[in-house]
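Taking it in order: structure first as structure tokens, then the write-up.
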Amino acid sequence: MIQKRVKELASEIARDHQGKDTVLVGILKGAVFFFCDLARELDIQVGIDFLRAASYGPSSSSSGTITLTKDVETPLEGKSVVLVEDIIDTGLTMSRILEELKRKKPSEVKVCVLLDKPERREIEVQVDYCGFRVEGGFVVGYGLDYDEQYRNLSEIFVLKGI
Ligand code: 5GP
């Protein structure tokens, strides 16, 4: 099911980015599995890069204090950027990352998330490509962790008891 949806997202992204100088930017570490599968399904030429955002506070939610601990290395000025994230919840992480990326003057930034939990949103963020909506609960697997565990599970599971 995940792979089928990843293929569909890749064809939407490819269709929207034909002829554009595009960089796929993955957010470490959670998006890595999704990022690699998505990149392999894209039949357009793209650059790839990564950034890392650390959120300070409880590990099951965003605290609002979000710092970029690794920046992209590719100059993004004039480029079309597709930001690839595992999950968007409150939106705080994504809006902070978008703020930083926009300073690099890309021609456009699109947001691609595997999972969206829209009912917990605190800040409005435009999600351009979304894999699946999730109702709530804390999910792990396919890159998503709980305290650095479960990232390598090949499917997504709801973690009980937290
Ligand atoms: P936001 O800033 O949108 O609230 O949260 C984004 C980050 O919180 C994600 O990148 C992820 O690290 C973490 N997060 C939010 N919900 C979940 C979840 O259900 N499972 C996991 N593993 N991480 C989550």
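Where a number appears in this text, it was derived from the coordinates with a stated rule and is not lab data. Since the structure is predicted, the reported quantities are computational estimates derived from the model, not experimental observations. Note: ideal-geometry Cβ built from the backbone for every residue, glycine included; neighbour counts use all protein chains shown.
Can you give me the long-range amide H partners of Gly47? Hydrogens built in the peptide plane at 1.01 Å from N, cutoff under 5 Å, separation of 5 or more residues or another chain.
Excluding prolines and chain starts, which carry no amide H, the hits are Thr22, Val23, Leu24.
Classify segment 36-126 as rounded, prolate or oblate, taking a ≥ b ≥ c as the square roots of the eigenvalues of its Cα gyration tensor: rounded when a/c is under 1.5, otherwise prolate if a/b is larger than b/c and oblate if not.
It is prolate, given that a/c is not under 1.5 and a/b is the larger ratio.
Out of residues 5 or more away from Arg121 or on other chains, whose amide H comes under 5 Å of its own, with H placed 1.01 Å from N in the peptide plane?
Residues meeting the criterion, in which the H sits 1.01 Å from N, do not exist here.
Counting other C-beta atoms within 10 Å, and keeping those with at most 10, which DSSP coil trypsin sites (Lys or Arg not before Pro) do you find in segment 74-162? Each step should come with its number before you reach the end.
Values: sites: Lys79, Arg96, Lys102, Arg103, Lys104, Lys110, Arg120, Arg121, Arg133, Arg151, Lys160; in loops: Lys79, Arg103, Lys104, Arg121, Arg151, Lys160.
The qualifying sites are Arg103, Lys160.
Can you list the HN-Hα couplings for segment 107-121, worked out from phi with the Karplus curve (6.51, -1.76, 1.60; θ = phi - 60°), rounded to whole Hz and with x for Gly and Pro?
Result, ordered by residue: 6, 7, 10, 10, 10, 10, 10, 6, 10, 10, 10, x, 6, 9, 5 Hz.
Under the rule of at least 5 residues apart or a separate chain, name every residue whose amide H is placed under 5 Å from the amide H of Tyr142.
Leu153, Ser154, Glu155
Given the rule -39500 (n - 2.57) for each run of at least 4 DSSP H residues, summed and divided by the residues of the chain, what is its mean residue ellipticity at 222 nm, to the nearest 500 deg cm²/dmol? Mind dumping the intermediate values first?
On the way: 3 runs with 36 residues, N = 162.
Value at 222 nm, helices only: -7000 deg cm²/dmol.
If a/c stays under 1.5 just call it rounded; otherwise compare a/b with b/c (prolate if a/b is bigger, oblate if not). Do that for segment 102-162, with a ≥ b ≥ c from the square roots of the Cα gyration tensor eigenvalues. Before the final figure, lay out each step's value.
Numbers: a/c = 2.35, a/b = 1.76, b/c = 1.34.
The shape class here is prolate.
Using a Förster radius of 30 Å, what is the FRET efficiency between Asp43 and Phe157 based on their Cβ-Cβ separation? Nearest 0.05, please. Before the final figure, lay out each step's value.
Working: r = 31 Å, r/R0 = 1.03.
It comes to 0.45.
Dipole of segment 1-157, Cα-centred, from +1 at each Lys and Arg C-beta and -1 at each Asp and Glu C-beta, to the nearest 20 debye? Walk me through the numbers before you get to the answer.
Values: 21 positive and 27 negative charges, 40 e Å.
Its charge dipole is roughly 200 debye.
Which of rounded, prolate, oblate describes the chain, given a ≥ b ≥ c as roots of the alpha-carbon gyration tensor eigenvalues and a/c under 1.5 marking rounded, otherwise prolate only if a/b is larger than b/c? Don't skip to the answer; put the middle values down first.
Numbers: a/c = 1.76, a/b = 1.28, b/c = 1.38.
Taking the square roots of the gyration eigenvalues as a ≥ b ≥ c, the chain is oblate.
For segment 3-18, take each phi angle, set θ = phi - 60°, evaluate the Karplus expression 6.51 cos²θ - 1.76 cosθ + 1.60, and give the result in whole Hz per residue in order, putting x for glycine and proline.
Karplus values, whole Hz, x for Gly and Pro: 5, 5, 5, 4, 4, 5, 5, 4, 6, 5, 5, 4, 4, 7, 10, 4.
Given the options Gly91, Gly78, Gly131, which has the most mean-square fluctuation in a GNM of the chain, springs set between C-alpha atoms less than 10 angstrom apart?
Taking springs between Cα atoms under 10 Å, the residue moving most is Gly78.
Given Leu153, Met94, Leu114, which one lies farthest toward the positive end of the charge dipole of segment 93-162, if we put +1 on the Cβ of every Lys and Arg and -1 on the Cβ of every Asp and Glu?
Met94
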